[in-house]
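The structure appears right after this line, and notes come after that.
The values are calculated or read from the model by the stated rules, or taken from the named source; none is laboratory data. Predicted, not measured: the structure shown is a model, and the values here were computed from it. Here the Cβ positions follow ideal geometry from the backbone for every residue, glycine too, while neighbour counts run over all protein chains shown.
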């Protein structure tokens, strides 16, 4: 998974987490209060793009629906590709969410991302390493 897609997946996971918290399903489990800012920033960027706005609303309505999550992830990645400042904002907010998880704390939305591998920590490799 390329880095941009991983950031989009993590962003969607945070949107889903916020939607679940709003409905009480995950109430009290968040250590990060930037979820509303993230959704507001996405909503601001999506303004005028009916398909993207609809994708965000569909996830808010049914946060557990993986198809809706994938649609929002594609829309988010597409907008990040078109707008470098938007990409930087989303990256920063995802990084803030990771930092709010604490040292050695939980991974950002790993349970919600499901098939994506997101590394939130520095990865170091020492010694011989072969990739085939």
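Of (1) assigned to a helix (DSSP H, G or I); (2) surrounded by fewer than 21 Cβ atoms within 10 Å (Cβ to Cβ); (3) modelled with pLDDT of 90 or more, residue 36 satisfies all except one. Which?
Here residue 36 meets the rest and fails (3).
Before we move on, is residue 131 at pLDDT 65 or above and either surrounded by fewer than 18 Cβ atoms within 10 Å (Cβ to Cβ) or assigned to a helix (DSSP H, G or I) (or both)?
Yes.
Given the conditions (1) surrounded by 19 or more Cβ atoms within 10 Å (Cβ to Cβ); (2) modelled with pLDDT under 95; (3) part of a helix (DSSP H, G or I), report the number of the one that residue 55 does not fulfil.
Condition not satisfied by residue 55: (2).
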